[in-house]
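Undergrad: Below you'll find the structure I mean.
The values are calculated or read from the model by the stated rules, or taken from the named source; none is laboratory data. Keep in mind that this is a model prediction, so the values were computed, not measured. In this analysis, Cβ positions are derived from the backbone assuming ideal geometry, glycine residues included, and neighbour counts consider all displayed protein chains.
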Amino acid sequence: LLNDLKITLIRTSKVGKTSLIMSLVSEEFPDEVPLRAEEITIPADVTPERVPTHIVDYSGTDTCTSLYDETHMANVICIVYSVNNKKSIEKVSLLLNVLILLSCHRVPLILVGNKSDLVEHSSMETILPIMNQYSEIETCVECSAKNLKNISELFYYAQKAVLHPTGPLYSPEDKE
Ligand code: GTP
Ligand code: MG
């Protein structure tokens, strides 16, 4: 059984990865954020699944080697895009291919559509075909770091994806 979890958020440029982490921790939207948040550890007693959870930010200023290292240590990877930015949605497929090349696809992946406060319409129509294409994707969630909407849910889904996986390719033996 896993003793603790590592959740990694990877880059799709300015989509709000760092803001999501800071919003979760401080329960308010930070006006200014660093490029990359420090690794955060959430103690077991305040997580819904009662497992100590590490959250690792990833910024594009980091090297490919560090993308490899970070994703290989992760138990679940959140790919963040911005629902108001078509380019970032297109980049999701690209990132999925990179992760599969790095053979990180044994861990569950979660698609995260941030900045839902900026749009009226859901991005699900665009995201669903991508989800159907990759069985590694555990779930997708739309949220807003600004409105604090679905933030704790997002991290709950990430924990749940590791502890109660449903994806056919996920094998717990591979990770431990
Ligand atoms: P990099 O580390 O440079 O890849 O960016 P990032 O993905 O960490 O994004 P960051 O958190 O730095 O946010 C980028 C910009 O988006 C900032 O100006 C944030 O204030 C803004 N932003 C982040 N989340 C939201 C959100 O939910 N809604 C709105 N309206 N703006 C947001
Ligand atoms: Mg950042």
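Undergrad: Between Leu99, Leu67, Leu24, which is more than 15 Å from ligand 1 (Cβ to nearest atom) and touching a residue at least 24 places away in the same chain (Cβ under 8 Å)? Steps first, please.
TA: On the way: Leu67 fails: more than 15 Å from ligand 1 (Cβ to nearest atom); Leu24 fails: more than 15 Å from ligand 1 (Cβ to nearest atom).
Result of the check over Leu99, Leu67, Leu24: Leu99.
Undergrad: Please go through the stretch 104-162 and give me each residue that is among the acidic types (Asp, Glu) and out of contact with any Cys (no Cβ under 8 Å at 6 or more places or on another chain), ordered by number.
TA: Asp117, Glu120, Glu125, Glu136, Glu138, Glu142
Undergrad: Could you say whether any residue in the stretch 58-68 is touching a strand residue (DSSP E or B) at 6+ places or on another chain (Cβ under 6 Å) and either away from ligand 2 (no atom under 14 Å from the Cβ) or modelled with pLDDT under 90 (or both)? Working first, answer last.
TA: Going through the stretch 58-68, the residues touching a strand residue (DSSP E or B) at 6+ places or on another chain (Cβ under 6 Å) turn out to be 58.
Retained after the next criterion (residues that are either away from ligand 2 (no atom under 14 Å from the Cβ) or modelled with pLDDT under 90 (or both)): 58.
Yes: one or more hits.
Undergrad: Please list, ordered by first then second residue, the pairs with beta carbon atoms under 7 Å, 6 or more apart or interchain, first in the stretch 130-148 and over 14 Å from Tyr81 (Cα atoms) and among the hydrophobic types (A, V, I, L, M, F, W, C), second away from ligand 2 (no atom under 16 Å from the Cβ) and assigned to a loop (DSSP other than H, G, I, E, B).
TA: Here the result reads Leu148/Glu27, each pair linking the stretch 130-148 to a residue that is away from ligand 2 (no atom under 16 Å from the Cβ) and assigned to a loop (DSSP other than H, G, I, E, B).
Undergrad: Give me a count of the residues in the stretch 15-35 that are touching a helix residue (DSSP H, G or I) at 6+ places or on another chain (Cβ under 8 Å) and not hydrophobic (A, V, I, L, M, F, W, C).
TA: Step one: of the stretch 15-35, the residues touching a helix residue (DSSP H, G or I) at 6+ places or on another chain (Cβ under 8 Å) are 15, 20, 23-24, 29-30, 33-35.
Now narrow it down to the ones that are not hydrophobic (A, V, I, L, M, F, W, C): 23, 30, 34.
Adding up the residues that qualify gives 3.
Undergrad: Additional query: Mind listing whichever residues of the stretch 83-104 are closer than 13 Å to Thr8 by Cα and not in a helix (DSSP H, G or I)? Write out each step before concluding.
TA: So in the stretch 83-104, the residues closer than 13 Å to Thr8 by Cα come out as 99, 104.
Passing the criteria: only Cys104.
Undergrad: Let me ask something else about it. Restricting attention to the stretch 128-176, which residues are within 13 Å of Asn75 (Cα to Cα), out of contact with any Asp or Glu (no Cβ under 8 Å at 6 or more places or on another chain) and either part of a helix (DSSP H, G or I) or modelled with pLDDT of 95 or more (or both)?
TA: Phe155, Ala158, Val162, Pro172, Glu173, Asp174, Lys175
Undergrad: Determine whether the stretch 29-48 contains at least one residue that is closer than 20 Å to Glu138 by Cα and surrounded by 12 or more Cβ atoms within 10 Å (Cβ to Cβ). Full working, then the answer.
TA: The first filter runs over the stretch 29-48 and keeps only residues closer than 20 Å to Glu138 by Cα, leaving 47-48.
The next check asks that each one be surrounded by 12 or more Cβ atoms within 10 Å (Cβ to Cβ); those that pass are 47-48.
Yes, the conditions are met somewhere in the stretch 29-48.
Undergrad: Taking the conditions exactly as written (at pLDDT 90 or above, in contact with a Lys or Arg (Cβ under 8 Å, 6 or more places away or on another chain) and in a strand (DSSP E or B)), does Val80 satisfy them or not?
TA: Working: at pLDDT 90 or above: yes; in contact with a Lys or Arg (Cβ under 8 Å, 6 or more places away or on another chain): yes; in a strand (DSSP E or B): yes.
In short, yes.
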